[in-house]
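Novice: Before I ask anything, let me first share the structure, which is written out below as structure tokens.
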Amino acid sequence: MRRTGIAREGLWAAKLVARRDSPYDAEPMASSGRLARVFALMGLAFLLGACSLVEIEDAVLTTFEPAGPNAQRIDDLFWMVFWIATGVFAFVVVALIVLVLRFRDREGAKEPKQLHGNAKVEVVWTVIPAIILAAIAVPTVQAVFDLTECDPAAMKVELIGHQWWFEAHYPDYEVDTANVVVIPAGREVCLEMTSEDVIHNFWAPSLHGKRYLVPGQWTQLKLEAYEPGEFWAHCAEFCGLSHSLMRARVLAVSESEFETWVAEQQQPAVLPEEGTQAYEGYQVFVNRGCTQCHAYRVDGEGGSEIAREAFNGPDLTHFASRHVFAGATLPEFGEDRETALARWLADPPSVKPGSFMPNLALSGEEIDDLIAFLEESR
Amino acid sequence: MTATAERPATTIFRRPRSKTGIWSWITTVDHKRIGIMYGYAAFAFFIIGGLEAILLRVQLSQANAEFLTAGAYNALFTMHGTTMIFLFVMPASAAFMNYLLPLLVGARDVAFPRLNALSWWVFFFGAIFLYSTFFFGTSLPPIGPDAIPGNLPDGGGPGSFNWISGSPDGGWFGYQPNAGPFYSPGTAMDYWAGGLQILGLSSLISAVNFIVTTFNMRAKGMRLMRLPVFAWMTTVTAFLLLFSLPIIAVALFMVTIDRQFGSLFFAATAGGDPILWQHLFWLFGHPEVYILILPAMGIVSEVFPVFSRKPLFGYSAVVFAGAAIAFLGFGVWAHHMFASGITPVAQAAFGLATMTIAIPTGIKIFNWLGTMWGGRLRFTTPMLFAIGFIAMFTIGGLSGVTHSIVPSDWQQTDTYYIVAHFHYVIFGGAVFGLFAGLYYWFPKYSGRMLDEKLGKWHFWLQFIGFNLTFAPMHWLGLQGMVRRTWKYAPEMGLEGWNQAVTAGAVIIAISILIFMWNWARSRRRGRVAGMDPWDARTIEWMTPNPTPEHNFSEPLEITKLDHFWHLKYDEDEEGRPRRREDADAMLEHLEDVGNNPREPIHLPSSSFFPFLVGLGVPIIFYGIIYHTSIAGKALIVGGILLILASCVGWGIEPVDEPHYGDHDEEHGEEPVAEEGELVDD
């Protein structure tokens, strides 16, 4: 009866002990063909599994669909290195498999020559990697210098990190918004970034790599999209309880759309008319403490600005102009915006653990009113 | 009897003499017993850290899952990382170093046996201290630097905090200010900082001990360039520890002072610099990576020659490459911070420095392949793990090279690509290497063999499970899965691969269960190993299995690299080994004289004091955490007094040694009779 290779090898140590005088005249090992087949099957199974999964999923934060020159440059560099690394890996693994198949112990094999080394091959496998690395180093260093610092003439957007949302401030236009960074497509925009609490890390993989937002310091990230489009972003540095729910969107729009957007954002909010549900919502907003954290710029009625008093929450003046909220995590996939808002207003910390927006114990009616008010705040 | 032994002090401080039972383990200074304790403790934490990982994986197996709360998730990944690095891989390496270093250099113990016991007990109590956070620690929501007490949020509601989140939740890297006093209030991160501080102290003590052991305790003729590679890598690792641990010690003290006394080193709002913490942490943290991997590299460098029946290819190149990796490891720390906004010049410099590490690493890999070239390869379990090490570590090394491509790293850093990378290095590398060592040296510990059949099941399941777990993480990271993420949205398109990853984690768990079963069974009922079960090359196999307490009975004189091999084999005209006719007789003689030494052997005496000094250390740290209360102040004073008193005892306790003359009179007769019989043999 033929035993499997594994079982045979398993016996080896035992035999060695039992017959210490001649440890190496054990039975012949399983044929190398069998082992090769095992390797081949394993590889095939893995490849098949990989292909099937790669194709079915469409990832919104993928690094493989660069949509701007910076991400494109990184992508090109990655693939160059990827193929070199794959080549090196293939070399090592093929060498390993050849060694395993060719030099596995066989019956009657001679004892190996006691080779201690070979200066020539050792120099070769020191020098060749060094040359490969030097070749990779050149484009790397060039890209580092080209991609790190902004063009001083570029339009600036200040991005301020908070637990757990991004605030965007456009100093040239006096526009303050949150979670959705609107940029004109086709030209460079410079994100000037800092944080108000802990370290965050802004990452819009289609447009560029990551850059920290550090409290007390300013960092830069150049963003540029070839075409208009919506791009996902995520905080990539662990920043506390709801790190995983700190996301953002970059919305690249045409120049004319950008100008329109800026003009709209610069307008103060129009207060809802008395007697409407939205007006009731405005009363809730003012009277239930929302304004302690949220700014809401209004004109008329004395031209007052409802200022933030304590915590720094998102400016809600044009809340309805933003298609996502709560750190760009709501509404969830397939969720209706009003349902999401209702869920969020009812108990923010249950949606976003640790949220600084407390559960204000609003009644269902108050929530409905608030939604009507917020959804009119374009 | 000498005069000193009659001083009154001896009656007050009698050295403990238990040879069995709990007290013998508490008071032991035997490097092998200390190694065994390190090993079991490390394995226990491997299981705990593994269970933490399984919980994390269950949470991630579905988009928007609610299996764990955010607080519990953050606590579990913090403790998973901290446990696996500081409580598993480091002490597991320490287990091998302790057990083997004296055997490999031809000594009867390390240079400072009581200090060795101290490093173990400091580790043990430090680990308990760290894990006691689950019972005593508190983890509270951030208050923010400008918080107004009346406006404090409800802290995520009662559902967000539970028993698990009483543990540290600021990440094993403890980035400031998130892990600082304002954003991680509560005591949990104090337990983390204090625990790491204590564990670092333990490693620092070991490092000094191992360095002195290597340089001063070698047998006659054991020149440095005849040392087994594992002894070399132990020494290199000890130097890494010696130079890197003081950095993290300083940084952790800064954190502790920040947290306890409001010093604001890292608080940006007060002019502190949170990036400074990252520099200090990684200036330790990167050498730490090599602290984890170099011992495993040493282990496989022992395994390949034995199962290829050839000497290590390019021995000196392998040794120097190890030293070069360690040296370069101090100059690359900022590659963990390429996204932090450091200047392009700094990024380029650290990127290039990182690339250079690939060269000595490549030298090692190619030399192991060269060792196998032309050999007679025996695919025993240790050899399989060593081969697995090469393949997996190569992947980890190459993905490491992609991080040195700085712009590429901007995309990869803080994603699962990094998680994949370092698990290929630390699990695929260090852990595979450690398992190779466990199977290889198990006979030295138990006198028996681990079962080869179960061993192969273990290897293949672990190999498949490992790759199923960590290979898809490369893809997940590049598809935008950020690290330390409690939840991901369904439209991120990450669910399918995450399910594969979770399945892989379960397979790893099964493979570990097989290993535990194998270990438990083989320890009592495994095949008896006898002398030299693997036809090995290095001198630790010149002692019987299990290793007798005194290691070597007779003084050694080392004449060559792979001394033991050359005692068994000479070479024929073609340079092929030919077993000496007297080899078996020599082995029998070694076994006999090893178990029945001809002369009484002087061994270091047991002592209570390392245990007591070690016990004092966490007491002080408990006191620091609760320093505002009277009890805390009492603990600090009590701990200091305990340590001081124990140090005095340590200093004046006498050598409890039946002197050579006495020993002969008391116990000498029987061995002498046997000696006469066997020397003729």
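Novice: Report the residue count in the stretch A:53-69 for those that are more than 11 Å from residue A:207 (Cβ to Cβ) and either modelled with pLDDT of 90 or more or not in a loop (DSSP other than H, G, I, E, B) (or both). Explain how you work it out, then say what you get.
Specialist: Taking the stretch A:53-69 and keeping what is more than 11 Å from residue A:207 (Cβ to Cβ), we get A:53-62, A:64.
Okay, now just the ones that are also either modelled with pLDDT of 90 or more or not in a loop (DSSP other than H, G, I, E, B) (or both), so A:53-56, A:60-62, A:64.
Qualifying residue count, the stretch A:53-69: 8.
Novice: What are the pairs with Cβ atoms under 9 angstrom where one residue, in the stretch B:475-494, is not assigned by TED's automatic domain parsing to the domain that holds residue B:169 and the other, located anywhere, is among the basic types (Lys, Arg)? Sequence gap at least six, or different chains.
Specialist: B:477/B:483; B:489/A:247
Novice: Could you please find all residues in the stretch B:1-31 being in a loop (DSSP other than H, G, I, E, B) and modelled with pLDDT of 85 or more?
Specialist: Within the stretch B:1-31, the first condition is being in a loop (DSSP other than H, G, I, E, B), and the residues that meet it are B:1-3, B:7-8, B:13-20, B:28-30.
Within the stretch B:1-31, B:28, B:29, B:30 qualify.
Novice: Here is a further query. Hey, among B:492, B:481, which residue is farther than 30 Å from residue B:316 by Cβ, surrounded by 23 or more Cβ atoms within 10 Å (Cβ to Cβ), touching a helix residue (DSSP H, G or I) at 6+ places or on another chain (Cβ under 6 Å) and within 11 Å of chain A (Cβ to nearest Cβ)? Break it down into steps so the answer makes sense when it comes.
Specialist: Values: B:492 fails: touching a helix residue (DSSP H, G or I) at 6+ places or on another chain (Cβ under 6 Å).
Exactly one of B:492, B:481 is farther than 30 Å from residue B:316 by Cβ, surrounded by 23 or more Cβ atoms within 10 Å (Cβ to Cβ), touching a helix residue (DSSP H, G or I) at 6+ places or on another chain (Cβ under 6 Å) and within 11 Å of chain A (Cβ to nearest Cβ), namely B:481.
Novice: Return yes when residue B:409 is within 7 Å of chain A (Cβ to nearest Cβ), in contact with a Phe, Trp or Tyr (Cβ under 8 Å, 6 or more places away or on another chain) and under 17 Å from residue A:236 (Cα atoms) and no when it is not. Give the derivation first.
Specialist: Details: within 7 Å of chain A (Cβ to nearest Cβ): no; in contact with a Phe, Trp or Tyr (Cβ under 8 Å, 6 or more places away or on another chain): yes; under 17 Å from residue A:236 (Cα atoms): yes.
No, not satisfied.
Novice: Also, quick follow-up: Of all residues in the stretch B:18-77, which are closer than 20 Å to residue B:127 by Cβ and among the acidic types (Asp, Glu)?
Specialist: Matches in the stretch B:18-77: B:52 only.
Novice: Tell me which residues, restricted to the stretch B:539-585, are within 11 Å of chain A (Cβ to nearest Cβ) and of a type in the set (Phe, Trp, Tyr).
Specialist: Result: B:565, B:569.
Novice: On the basis of being within 30 Å of residue A:329 (Cβ to Cβ), at pLDDT 95 or above and crowded, with 20+ Cβ neighbours inside 10 Å, does residue B:470 make the cut? Lay out the reasoning, then the answer.
Specialist: Details: within 30 Å of residue A:329 (Cβ to Cβ): yes; at pLDDT 95 or above: yes; crowded, with 20+ Cβ neighbours inside 10 Å: yes.
Against the criterion (within 30 Å of residue A:329 (Cβ to Cβ), at pLDDT 95 or above and crowded, with 20+ Cβ neighbours inside 10 Å), residue B:470 qualifies.
Novice: Shifting gears a bit: Among the residues of the stretch B:503-556 satisfying the criterion of being aromatic (Phe, Trp, Tyr) and not in a helix (DSSP H, G or I), which is farthest from residue B:55 (Cα to Cα)?
Specialist: Going residue by residue through the stretch B:503-556, those that are aromatic (Phe, Trp, Tyr) are B:515, B:517, B:519, B:534, B:541, B:552.
Remaining after also requiring not in a helix (DSSP H, G or I): B:534, B:552.
Details: B:534: 39, B:552: 46 Å.
Within the stretch B:503-556, the match that is farthest from residue B:55 (Cα to Cα) is B:552.
Novice: Give the number of residues within the stretch B:344-368 that are facing chain A (nearest Cβ under 8 Å) and either without any contact (Cβ under 8 Å) to a residue 40 or more places away in the chain or of a type in the set (Ser, Thr, Tyr) (or both). Give the derivation first.
Specialist: Of the stretch B:344-368, the ones facing chain A (nearest Cβ under 8 Å) are B:344, B:347-348, B:351-352, B:355-356, B:358-359, B:362-363, B:365-367.
Imposing the further condition that a residue be either without any contact (Cβ under 8 Å) to a residue 40 or more places away in the chain or of a type in the set (Ser, Thr, Tyr) (or both) reduces the set to B:344, B:356, B:359, B:362, B:365-366.
Number satisfying all stated conditions: 6.
Novice: Consider only pairs whose beta carbons are under 7 Å apart and that are at least six residues apart or on different chains; among these, list those whose first residue lies in the stretch B:88-99 and is without any contact (Cβ under 8 Å) to a residue 24 or more places away in the chain and whose second residue is assigned to a helix (DSSP H, G or I) and of a type in the set (Asp, Glu).
Specialist: As it stands, the answer is none, since no pair meets every condition given.
Novice: Now, a different point. I'd like to verify a number: residues in the stretch A:58-98 that are of a type in the set (Phe, Trp, Tyr) and touching a helix residue (DSSP H, G or I) at 6+ places or on another chain (Cβ under 9 Å), how many? Break it down stepwise before answering.
Specialist: So in the stretch A:58-98, the residues of a type in the set (Phe, Trp, Tyr) come out as A:64, A:78-79, A:82-83, A:89, A:91.
Keeping just the survivors that are touching a helix residue (DSSP H, G or I) at 6+ places or on another chain (Cβ under 9 Å) gives A:64, A:78, A:82, A:89.
Final tally of qualifying residues: 4.
Novice: In the set A:131, A:84, A:97, A:160, which member is within 30 Å of residue B:338 (Cα to Cα), touching a residue at least 24 places away in the same chain (Cβ under 8 Å), more than 24 Å from the chain's Cα centre (by Cα) and outside the structural domain of residue A:348 (by TED's automatic domain parsing)?
Specialist: Working: A:131 fails: touching a residue at least 24 places away in the same chain (Cβ under 8 Å); A:97 fails: within 30 Å of residue B:338 (Cα to Cα); A:160 fails: more than 24 Å from the chain's Cα centre (by Cα).
Of the residues listed, the single one that is within 30 Å of residue B:338 (Cα to Cα), touching a residue at least 24 places away in the same chain (Cβ under 8 Å), more than 24 Å from the chain's Cα centre (by Cα) and outside the structural domain of residue A:348 (by TED's automatic domain parsing) is A:84.
Novice: What residue, of B:327, B:338, B:389, is in contact (Cβ under 8 Å) with a residue 40 or more places away in the chain, in a helix (DSSP H, G or I) and either more than 7 Å from chain A (Cβ to nearest Cβ) or under 24 Å from residue A:147 (Cα atoms) (or both)? Spell out the reasoning first.
Specialist: Details: B:327 fails: in contact (Cβ under 8 Å) with a residue 40 or more places away in the chain; B:338 fails: in a helix (DSSP H, G or I).
Of B:327, B:338, B:389, the one residue that is in contact (Cβ under 8 Å) with a residue 40 or more places away in the chain, in a helix (DSSP H, G or I) and either more than 7 Å from chain A (Cβ to nearest Cβ) or under 24 Å from residue A:147 (Cα atoms) (or both) is B:389.
Novice: Return the total of residues in the stretch A:210-268 being more than 14 Å from every other protein chain (Cβ to nearest Cβ) and among the hydrophobic types (A, V, I, L, M, F, W, C).
Specialist: Keep residues of the stretch A:210-268 that are more than 14 Å from every other protein chain (Cβ to nearest Cβ), which gives A:224-229, A:251-268.
Imposing the further condition that a residue be among the hydrophobic types (A, V, I, L, M, F, W, C) reduces the set to A:225, A:251-253, A:258, A:261-263.
Of the residues in the stretch A:210-268, 8 are more than 14 Å from every other protein chain (Cβ to nearest Cβ) and among the hydrophobic types (A, V, I, L, M, F, W, C).
Novice: Applying the selection to the stretch A:83-105, what residues are at the interface with chain B (Cβ under 7 Å from one of its Cβ atoms) and assigned to a helix (DSSP H, G or I)?
Specialist: A:85, A:88, A:89, A:92, A:93, A:95, A:96, A:99, A:100
Novice: Same structure, new question: Name, by its number, the condition in (1) without any contact (Cβ under 8 Å) to a residue 60 or more places away in the chain; (2) within 13 Å of another protein chain (Cβ to nearest Cβ); (3) on the phi < 0 side of the Ramachandran plot that does not hold for residue A:108.
Specialist: (3)
Novice: While we're looking at this one, here's another question. Would you pick out the residues in the stretch A:111-124 that are facing chain B (nearest Cβ under 8 Å), of a type outside the set (A, V, I, L, M) and in a helix (DSSP H, G or I)? First the steps, then the outcome.
Specialist: Our first condition is that a residue be facing chain B (nearest Cβ under 8 Å); within the stretch A:111-124, this holds for A:111-118, A:121-122.
Right, trim to of a type outside the set (A, V, I, L, M) and you get A:111-114, A:116-118, A:122.
The one that is facing chain B (nearest Cβ under 8 Å), of a type outside the set (A, V, I, L, M) and in a helix (DSSP H, G or I): A:122.
Novice: Looking at (1) more than 7 Å from every other protein chain (Cβ to nearest Cβ); (2) small (Gly, Ala, Ser); (3) touching a residue at least 60 places away in the same chain (Cβ under 8 Å); (4) not in a strand (DSSP E or B), can you tell me which one residue A:153 breaks?
Specialist: (3)
Novice: While we're looking at this one, here's another question. If you take the residues in the stretch B:381-433 that are of a type in the set (S, T, N, Q) and in contact with a Leu (Cβ under 9 Å, 6 or more places away or on another chain), which one is surrounded by the fewest Cβ atoms within 10 Å (Cβ to Cβ)?
Specialist: B:394
Novice: Hey, any hits in the stretch A:321-333 for a residue that's modelled with pLDDT of 85 or more, surrounded by fewer than 21 Cβ atoms within 10 Å (Cβ to Cβ) and of a type in the set (Phe, Trp, Tyr)?
Specialist: Checking the stretch A:321-333: at least one residue is modelled with pLDDT of 85 or more, surrounded by fewer than 21 Cβ atoms within 10 Å (Cβ to Cβ) and of a type in the set (Phe, Trp, Tyr).
The values are calculated or read from the model by the stated rules, or taken from the named source; none is laboratory data. These numbers were taken from a predicted model, which means no experiment stands behind them. So basically every Cβ, Gly included, is an ideal-geometry build from the backbone, and we count neighbours across all protein chains shown.
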